[in-house]
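Structure first, then comments.
The values are calculated or read from the model by the stated rules, or taken from the named source; none is laboratory data. These figures come from a predicted structure and were not determined experimentally. Note: ideal-geometry Cβ built from the backbone for every residue, glycine included; neighbour counts use all protein chains shown.
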């Protein structure tokens with residue numbers, strides 16, 4: 001779902017739209033956050049004492065205030081890359097900081113790849129734990145349904161992934177209103193619980209959180225790993241800023257989401273103070289008996305929406321990673337003729353589905369999955385803090401070094417504390433997102449390094465452009481009518497297909513364009529002309545086409561902005577020449593052993609074609625192969 005920000009009059013519409021995309025993850029946290037936090041405090045099945053309830057609710061409240069409201073909503077959302085947010089946009093923005101040194105540049109690339117890898121890990125766990133926790137409400141209605149909870153969850157999740165190819169354009173219009181009903185329901189249930197024990201409102205005072213920490217010490221550290229479940233989804237606030245704009249997201253959080261969450265968390269606390277045994281599932285036990293089934297249905301719808309938002313985010317992040325050179329090209333299918341942001345990437349979809357099914361079958365309950373949840377998110381948050389406060393906000397806001405260091409360390413201390421608390425879960429399931437993140441990091445770093453080695457190998461095989469043009473002027477060859485466009489990643493060398501064409505046919509087109517596509521470090525290209533041209537003489541031209549990393553590369557459409565091709569009345573007189581290099585390797589490279597080189601070669605062979613990636617007309621594409629030693 002992609003909604004563009006246009007004018008203050010659309011703020012209300014954008015706020016409602018943001019509820020369905022931005023806040024789905026954090027909005028479903030009340031299903032399990034309090035339950036798991038109290039279970040970590042008193043143990044599963046044990047009854048919590050009132051002091052523990054006040055302490056846990058106070059910790060949740062202040063986590064939402066500090067981590068979400070202050071850090072993300074107020075500060076990090078100021079670090080926008082021309083309106084876009086997310087780890088890739090933040091990484092690109094950090095690389096442009098005036099304070100970046102070569103060492104920092106290498107570190108930023110490392111942090112960016114790590115953050116994206118952790119984001120994909122979170123994208124697997126969120127659908128599993130969200131839908132599973134919602135369906136578990138059926139067990140409260142009647143215990144005989146317990147055996148079917150996992151099959152129902154799998155059915156919902158498989159159905160969700162199967163419909164991704166159809167896109168979310170029609171369903172997306174329902175997301176916002178459904179989530180508005182969800183948040184109003186959260187608030188209503190919360191008020192109901194608070195009225196049962198109004199004293200729970202005293203948990204607003206941080207002394208209860210501090211007293212809990214001082215009293216339990218080591219145990220409180222474990223509880224913090226569960227409390228963190230209440231702030232998962234913070235990354236979506238920043239990542240989806242480009243769809244809705246900063247102001248609508250901030251207002252939706254401050255006036256709808258935050259109050260509804262706080263009321264519900266305090267309501268669950270009040271319910272437990274009255275009925276301590278309700279700690280086994282305080283969210284559903286807030287509802288009257290007659291409302292349990294409707295609440296399960298609404299919760300399931302909310303978790304499906306939350307899962308959809310995460311899956312769509314994975315598609316968007318995957319495309320950005322491909323265009324920035326962190327992942328091999330994969331088929332990208334546009335599911336909407338109106339909204340270019342609505343895409344479907346089959347390879348990512350099936351990988352996510354397979355991992356989600358393994359998670360549900362392996363962990364079987366939301367309580368077990370809670371052990372795997374959090375560590376990937378805390379790692380991504382720590383990376384956001386380091387890049388945003390350490391580099392981007394300092395450059396944008398002109399902060400001095402001392403203030404920057406203080407702000408970075410303050411917020412980073414929360415991230416690292418939560419990360420350390422979640423690290424205790426590694427033996428119980430936290431290893432899964434770390435393993436998945438490590439695999440994704442390895443794949444992306446292998447592709448990035450291998451791609452650079454491939455470019456160096458191609459450059460070694462190509463000849464400089466200027467001597468070639470001088471020789472061509474001295475020794476002209478026959479010219480055929482039409483336009484020959486030779487695509488290359490280099491601007492100073494002769495594309496290999498051009499040389500091969502001369503060797504085999506002894507003639508070339510009357511007009512020869514050496515075209516290079518550049519993906520810049522901004523989401524959308526807005527800095528002047530997308531297409532720039534240079535007349536090289538004798539019918540040769542150098543053309544550069546620029547795209548932002550969040551845009552869909554469409555070469556034919558972009559070339560219509562070219563002065564040279566402005567009157568492109570007959571595209572059938574144009575041929576696109578692509579070089580398709582077949583790399584091979586007999587030895588490895590320093591820091592890049594042979595087995596890893598062969599892994600890169602395998603990914604390179606299975607990448608989708610550049611022709612389809614750049615939307616070239618299939619009947620006008622000529623691919624010319626070459627065998628190159630990597």
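Can you name the residue in the stretch 453-477 that is in contact with a strand residue (DSSP E or B) (Cβ under 8 Å, 6 or more places away or on another chain), within 14 Å of residue 488 (Cα to Cα) and modelled with pLDDT of 85 or more and, of all such residues, is surrounded by the fewest Cβ atoms within 10 Å (Cβ to Cβ)? Per the stated criteria, the residue is 464.
Across the stretch 435-487, what is the number of residues that are assigned to a loop (DSSP other than H, G, I, E, B) and closer than 30 Å to residue 330 by Cβ? Residues flagged as assigned to a loop (DSSP other than H, G, I, E, B) and closer than 30 Å to residue 330 by Cβ within the stretch 435-487 amount to 1.
Of the helices (runs of 4 or more DSSP H) lying entirely inside the stretch 310-393, those containing at least 2 residues that are at pLDDT below 90, within 30 Å of residue 227 (Cβ to Cβ) and within 16 Å of the chain's Cα centre (by Cα) span 375-387.
Confirm whether residue 156 is closer than 30 Å to residue 290 by Cβ, surrounded by 15 or more Cβ atoms within 10 Å (Cβ to Cβ) and either over 27 Å from the mean Cα position of the chain (by Cα) or at pLDDT below 90 (or both).
No, not satisfied.
Taking the stretch 589-625 as the range and being buried (at least 16 other Cβ atoms within 10 Å of the Cβ) and part of a strand (DSSP E or B) as the test, the residues that pass are 592, 621, 624.
Going residue by residue through the stretch 431-445, is there one that turns out to be on the phi > 0 side of the Ramachandran plot, in contact with a helix residue (DSSP H, G or I) (Cβ under 9 Å, 6 or more places away or on another chain) and surrounded by 14 or more Cβ atoms within 10 Å (Cβ to Cβ)? No, there is no match, as no residue in the stretch 431-445 is on the phi > 0 side of the Ramachandran plot, in contact with a helix residue (DSSP H, G or I) (Cβ under 9 Å, 6 or more places away or on another chain) and surrounded by 14 or more Cβ atoms within 10 Å (Cβ to Cβ). Being closer than 19 Å to residue 68 by Cβ, more than 27 Å from the chain's Cα centre (by Cα) and crowded, with 24+ Cβ neighbours inside 10 Å is a description that does not apply to residue 238. Taken across the stretch 219-231, residues that are touching a residue at least 60 places away in the same chain (Cβ under 8 Å) and outside any helix (DSSP H, G or I) do not occur at all.
Those residues that are without any contact (Cβ under 8 Å) to a residue 60 or more places away in the chain and surrounded by 18 or more Cβ atoms within 10 Å (Cβ to Cβ), I need them from the stretch 532-541; list them, please. Across the stretch 532-541, the qualifying residue is only 541.
Reported count of residues in the stretch 542-552, each being surrounded by fewer than 18 Cβ atoms within 10 Å (Cβ to Cβ) and part of a loop (DSSP other than H, G, I, E, B), is 1.
Evaluated against (1) crowded, with 24+ Cβ neighbours inside 10 Å; (2) at pLDDT below 90, residue 292 falls short on exactly one condition, (1). Here residue 31 fulfils each of the conditions (1) under 30 Å from residue 325 (Cβ atoms); (2) crowded, with 21+ Cβ neighbours inside 10 Å apart from (1). Could you check, for the stretch 555-567, whether at least one of its residues is under 38 Å from the mean Cα position of the chain (by Cα), outside the structural domain of residue 84 (by TED's automatic domain parsing), free of Cβ contacts under 8 Å to residues at least 24 places away in the same chain and not in a strand (DSSP E or B)? Yes, the stretch 555-567 contains a residue that is under 38 Å from the mean Cα position of the chain (by Cα), outside the structural domain of residue 84 (by TED's automatic domain parsing), free of Cβ contacts under 8 Å to residues at least 24 places away in the same chain and not in a strand (DSSP E or B). Is it the case that the stretch 573-587 has a residue that's in the same structural domain as residue 484 (by TED's automatic domain parsing), surrounded by 13 or more Cβ atoms within 10 Å (Cβ to Cβ) and at positive phi? Looking through the stretch 573-587, none of the residues is in the same structural domain as residue 484 (by TED's automatic domain parsing), surrounded by 13 or more Cβ atoms within 10 Å (Cβ to Cβ) and at positive phi. I'm trying to understand the selection: among the residues of the stretch 575-601, which are out of contact with any helix residue (DSSP H, G or I) (no Cβ under 9 Å at 6 or more places or on another chain) and closer than 18 Å to residue 458 by Cα? Once the filter is applied, which keeps residues that are out of contact with any helix residue (DSSP H, G or I) (no Cβ under 9 Å at 6 or more places or on another chain) and closer than 18 Å to residue 458 by Cα, the stretch 575-601 yields only 598. Within the stretch 172-193, can you find the residues that are surrounded by fewer than 22 Cβ atoms within 10 Å (Cβ to Cβ), farther than 27 Å from residue 312 by Cα and in contact (Cβ under 8 Å) with a residue 12 or more places away in the chain? If the condition is that a residue be surrounded by fewer than 22 Cβ atoms within 10 Å (Cβ to Cβ), farther than 27 Å from residue 312 by Cα and in contact (Cβ under 8 Å) with a residue 12 or more places away in the chain, then 187, 191, 192 are the ones that fit.
Taking the criterion of being more than 12 Å from residue 235 (Cβ to Cβ) and either touching a helix residue (DSSP H, G or I) at 6+ places or on another chain (Cβ under 6 Å) or surrounded by 22 or more Cβ atoms within 10 Å (Cβ to Cβ) (or both), the only residue of the stretch 67-76 that qualifies is 73.
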